[in-house]
Structures are given as structure tokens and as C-alpha cells.
1. Filtering the stretch 258-293 down to residues that are without any contact (Cβ under 8 Å) to a residue 12 or more places away in the chain and acidic (Asp, Glu), which residue is farthest from Glu222 (Cα to Cα)?
2. Going residue by residue through the stretch 91-111, is there one that turns out to be in a loop (DSSP other than H, G, I, E, B), aromatic (Phe, Trp, Tyr) and surrounded by 13 or more Cβ atoms within 10 Å (Cβ to Cβ)?
3. Could you list, in sequence order, all residues of the stretch 12-39 that are in contact with a Ser or Thr (Cβ under 6 Å, 6 or more places away or on another chain) and surrounded by 15 or more Cβ atoms within 10 Å (Cβ to Cβ)?
4. In the stretch 1-54, what residues are over 21 Å from Met185 (Cβ atoms), outside any loop (DSSP other than H, G, I, E, B) and either of a type in the set (Gly, Ala, Ser) or touching a Cys at 6+ places or on another chain (Cβ under 6 Å) (or both)?
5. Does Val180 count as outside the structural domain of Tyr124 (by TED's automatic domain parsing), touching a Leu at 6+ places or on another chain (Cβ under 6 Å), surrounded by 13 or more Cβ atoms within 10 Å (Cβ to Cβ) and among the hydrophobic types (A, V, I, L, M, F, W, C)?
6. Pairs under 8 Å by beta carbon, first residue in a helix (DSSP H, G or I) and at pLDDT 90 or above in the stretch 59-86, partner surrounded by 10 or more Cβ atoms within 10 Å (Cβ to Cβ) and among the acidic types (Asp, Glu), six or more apart or different chains?
7. Considering only the stretch 257-294, state which residues are closer than 13 Å to Pro247 by Cβ and either buried (at least 16 other Cβ atoms within 10 Å of the Cβ) or modelled with pLDDT of 95 or more (or both).
8. Which fully enclosed helices (runs of 4 or more DSSP H) of the stretch 140-257 have 3 or more residues being within 18 Å of Met289 (Cα to Cα) and touching a helix residue (DSSP H, G or I) at 6+ places or on another chain (Cβ under 9 Å)?
Amino acid sequence: IYDFLGDTEQDVNLSVYEFTERLYLDTAHSYYSDYDVEGKYNPVPLAQQTITPANGTTYEIMIEDQDFIDKFLAVQSDTNIFYSDSIFKDYFNGFYITAEPLSSSGTMARVQLSSVQSRLTMKYANDSTDVDSTAERDFAFAHFTIDQYSSQKINMFEHDYTGTELGDIIDDEQASTPYVYVQGMSGVNTRFSFANLQDWIDQNPLIINSATLVFDVVPEEESRILYDDLPYRLMIGSILDDDDYEPIYDYYVLLSNDPTQLASRFGGYKKAESKGLFSDTTYTYRFNMGLHFQNMLDGNKLENDFILQIDDGMINPKYSKLWSNLPANERRIRLEIVYLKL
């Protein structure tokens with residue numbers, strides 16, 4: 001366990017099943033968090049164990065299911081199965097692991113499957129006269145790692161927003177709400193466009209010096225999200241006509257020239273702002289998008305359809321509550337442009 005969020009004292013029940021369909025690690029196969037596992041695993045668990053997630057702790061789950069053990073004993077004479085990665089994966093497709101909390105308070109734990117400690121270990125002894133005649137068997141171990149170079153992994157998430165304020169507005173384009181939300185691990189994203197942007201562009205020949213898109217964070221006393229628990233960085237991209245995702249042009253340019261591969265000047269980081277000693281500190285997320293909007297002016301990029309997400313949402317469970325563009329809001333989504341009119 002690498003990290004967790006939620007009730008740190010809550011027990012979690014882990015169930016391990018044998019997966020029955022081959023997953024491929026190549027460019028021809030793509031898997032997403034809404035992957036349907038129905039009918040693709042043996043519903044009888046190989047092992048179950050209750051743990052209390054603790055950061056930096058490794059848990060061993062013993063599989064004593066005889067049918068599973070016999071699966072490998074039955075082919076012990078065929079060494080190709082164990083020495084060929086591809087043949088082995090055809091014979092044994094992997095595991096399906098589920099986690100169920102034992103209370104309603106909720107928790108998420110991050111498992112480092114790429115760690116060398118995350119593996120299938122087989123403990124065995126050679127069936128020979130020499131071994132059988134000794135007082136104690138000399139056991140050997142075979143390790144099958146789950147690293148990023150040879151093993152395909154899929155994270156699957158389910159979010160139930162029933163009874164929440166988000167549940168009343170999600171996927172409703174006509175909803176009028178003072179808030180917008182972003183959440184990692186296949187949670188909610190915010191999709192938006194600028195209604196009159198093209199009209200403004202058509203009426204004003206100009207050169208953009210800078211364009212900053214600003215999202216203000218709802219104060220923690222109203223959002224019930226501590227500032228320290230906010231995601232460190234958000235990311236924004238364009239939605240194309242075929243619903244494909246494309247990074248903002250500024251991000252792409254900065255990333256291609258950044259050896260750190262962060263494109264930090266693009267922004268999106270949580271930033272504290274204060275108007276003075278006697279004013280409360282507020283937080284914003286700011287994106288520098290001058291190149292993108294200049295390309296819209298020049299007719300090179302016509303997409304006016306954006307999506308706001310957690311930067312590392314595949315592994316980050318955090319979420320944020322932001323002010324929307326509702327006119328009644330004291331603070332709202334805004335695009336700050338500095339330009340030269342031609």
C-alpha cells in the first residue's frame with residue numbers, strides 16, 4: 001500500500017479471483033476504467049482477506065485453493081509454459097481483485113502493482129527421493145512480477161452520486177449551479193465552452209499578449225474540502241468533433257521543449273492568493289493559454305469545447321469544488337485576456 005484517503009482505521013475486505021480472459025500489453029489493445037469484467041473471471045474467490053490499509057505496508061494473501069494449485073501441477077512437465085512469458089499468459093490470464101469497505105465512511109488505498117513486492121510467488125519442492133527422505137523439505141520459490149513492462153493492468157471505479165448535490169446536476173447541460181467539480185479516478189470532470197467567444201473574435205482583429213483562464217476554489221467552510229486536501233494540479237484540454245481529447249496547444253508546445261516533461265509554465269497548479277493581512281486567503285487554478293486562443297483568432301484551431309480534469313486522475317483520488325460562471329457568484333470562471341487591437 002502506497003497511499004490512502006479517507007478513514008484510516010477502516011477495514012477493507014479484499015477478494016482475489018482468477019481472471020479468464022487474456023489482457024494484452026500492446027498498442028493494438030486499449031483498456032479503460034469502464035471495462036466490463038462480467039463473465040471474464042471465475043466468480044469463486046481464490047482467497048479473501050481483511051486488511052486495515054497502512055501506508056508503506058506489504059500484505060501477503062495466501063492462495064490455498066487446490067484447483068488453482070492443480071492448474072500448475074498439471075503442466076509441470078511443460079517447461080515452455082513457465083519460461084515463455086506469452087505462453088504463460090495464455091495459460092494463466094491473471095487476477096481480478098475487488099475491495100469492499102466494511103463501513104459506510106469510505107476509504108481509497110493505492111496499491112503499487114509496479115513494485116517488486118507486488119507479485120505472484122509460488123512455493124514448491126521437487127518431488128524426488130532425495131527431498132522426500134530429508135527431515136525438512138528444501139523449498140524453492142518462483143516469482144512472477146506485475147511490472148509495467150510485461151503486465152497489463154486496469155483500474156476500474158464505480159461512483160455513486162445518489163443523494164448528493166452533484167447527483168442532481170451531473171450530465172445535465174441545462175443545470176444552473178454555482179459550483180463545478182473535478183474528481184480523480186474516473187470521477188466527474190467539468191466540460192464547458194465560451195458562448196460568445198467566436199463573435200468577439202470576429203469583431204476584433206487583434207494580437208493576444210496573454211490569456212489566462214482562472215478557476216476559483218470554493219472556500220473550505222462551504223465546500224467541506226480542506227485546502228490541504230485539494231489536488232495539486234488540474235489539467236485542461238480540448239474536445240474535438242469526434243469526441244477525442246487533445247491537449248491545449250500551449251501545453252503541447254511547452255511540454256515538447258521541457259526536459260522535465262511538466263510544462264509548468266502552462267499552470268494549472270493550486271495557488272494561494274491573498275488581498276491583504278485582514279483578508280482570507282483564497283485559492284485558484286490558473287492556465288496560461290495565449291497560444292491556443294491566438295490560434296483560434298488565426299483560424300487554425302476552431303475548437304471551443306474544453307474539459308477540466310485532475311492532472312494525474314488515473315492515480316489521484318482527490319477532488320475539488322470550484323465556482324461556476326453563474327452570474328450571481330461573487331467569484332466565477334473567467335478568461336483574462338491582454339491584447340493589442342489592430
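The values are calculated or read from the model by the stated rules, or taken from the named source; none is laboratory data. Predicted, not measured: the structure shown is a model, and the values here were computed from it. Counting neighbours? That spans all protein chains shown, and the Cβs are built from the backbone with ideal geometry, glycine included.
1. Of everything passing the filter in the stretch 258-293, Asp258 is farthest from Glu222 (Cα to Cα).
2. yes
3. The answer is Ser15, and nothing else.
4. Ala47
5. Judged against the criteria, Val180 is a match.
6. That search, which allows pairs on different chains as well, returns Phe68/Glu18.
7. Hits for the stretch 257-294 are Ala263, Phe266, Gly268, Phe287, Met289, Leu291, His292.
8. In the stretch 140-257, 197-203, 249-256 are the helices (runs of 4 or more DSSP H) which contain 3 or more residues that are within 18 Å of Met289 (Cα to Cα) and touching a helix residue (DSSP H, G or I) at 6+ places or on another chain (Cβ under 9 Å).
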